[in-house]
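To start, the structure under review is shown below, and the notes come after it.
The values are calculated or read from the model by the stated rules, or taken from the named source; none is laboratory data. Since the model is a prediction, treat every value here as computed from it, not as a measurement. Using ideal geometry, Cβ is built from the backbone for each residue, glycine included, and neighbour counts are taken over all protein chains shown.
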Amino acid sequence: MNRDDGGARLDRAVQVLMAARRARKWLDALPADAMPQTLDEAHTIQDGQMIRMGGRGGWKVGAATPDAIPGRAPLAARSIYTGRPTLSAAEFHFVGIEGEIAFKFGTTLDRASRPYAVEEVLAAIASVHAGIEIADSRYVDFRSRSALEQTADLGNNGAYILGPASAVLPTIDQLQVNAEIWVDGERIVQKTGGNSAGNVQRLLTWLANHCALRGTPITAGDAVTTGSCTGLEIIQKGSVRAVIAGVGDVTVTIV
């Protein structure tokens, strides 16, 4: 980061957010001397945390509506799990569960000289997965914080569980997908077309081009998740299973 006043402010934001994560002392808000003023600054704060968390293993991307400009946040490699992990609720401020569709990339997309076309991005996908995002926050009440503060806080991400690879094509239409969440054998969510962003191909193409231009490209092996198909469900503990029809299922146990 630059060592001018802006750079010092962004460094301060990284330090404050990482300290809250380590000490589990949640923030009412970012201090005035650590507040991002633009979306690019919020992204720079995200990048600083990735360095301190040991590196990135993927991305999350989403949008409020099918026409809205997408938003993104990196996923720390250490916070991505496979198999059927057991995680402690004590690791999080709260445990928010979202069933999602994720894509694993087999090709690095680092070309910044001209934009990637949808077809090029889809061709770079190695596999499709059901996923569970555990939403979390370093703020006492994340809903009361500005969009820039939430973006700076890794887009409210706590962890990500990537289910087994599916044979489904990456052209899957999530506007038609049925998604469910089960907790301890009881279905608590069932939705069809529940992702407000609509077309995942638009999201993936936007992300590929955005990241290439910023010099933080999608790389081979990255997992990219495209937003909640189920909405957010906050739980205390239990065996959680998300089912994405036609894609597969994924399980995590919270104790």
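At-a-glance table
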item	result
Pair list, Cβ under 8 Å, 6 or more apart: the stretch 137-159 residue of a type in the set (V, I, T), other residue at pLDDT 95 or above and part of a loop (DSSP other than H, G, I, E, B)	V140/W26; V140/D28; T151/P36
Condition met for Y139 (farther than 22 Å from V252 by Cα, aromatic (F, W, Y) and surrounded by 19 or more Cβ atoms within 10 Å (Cβ to Cβ))	yes
Those strands (runs of 3 or more DSSP E) lying entirely in the stretch 21-97 with at least 3 residues under 13 Å from G155 (Cα atoms)	56-62, 71-76
Residues (in a strand (DSSP E or B) and surrounded by 15 or more Cβ atoms within 10 Å (Cβ to Cβ)) located in the stretch 179-199	A179, E180, I181, W182, V183, I188, V189, K191
Output for the stretch 231-254, where each listed residue is buried (at least 23 other Cβ atoms within 10 Å of the Cβ) and either among the hydroxyl-bearing types (S, T, Y) or in a loop (DSSP other than H, G, I, E, B) (or both)	V247
Near pairs, Cβ below 7 angstrom, 6+ apart or cross-chain, from the stretch 237-253 (without any contact (Cβ under 8 Å) to a residue 24 or more places away in the chain) to any residue that is buried (at least 17 other Cβ atoms within 10 Å of the Cβ)	none
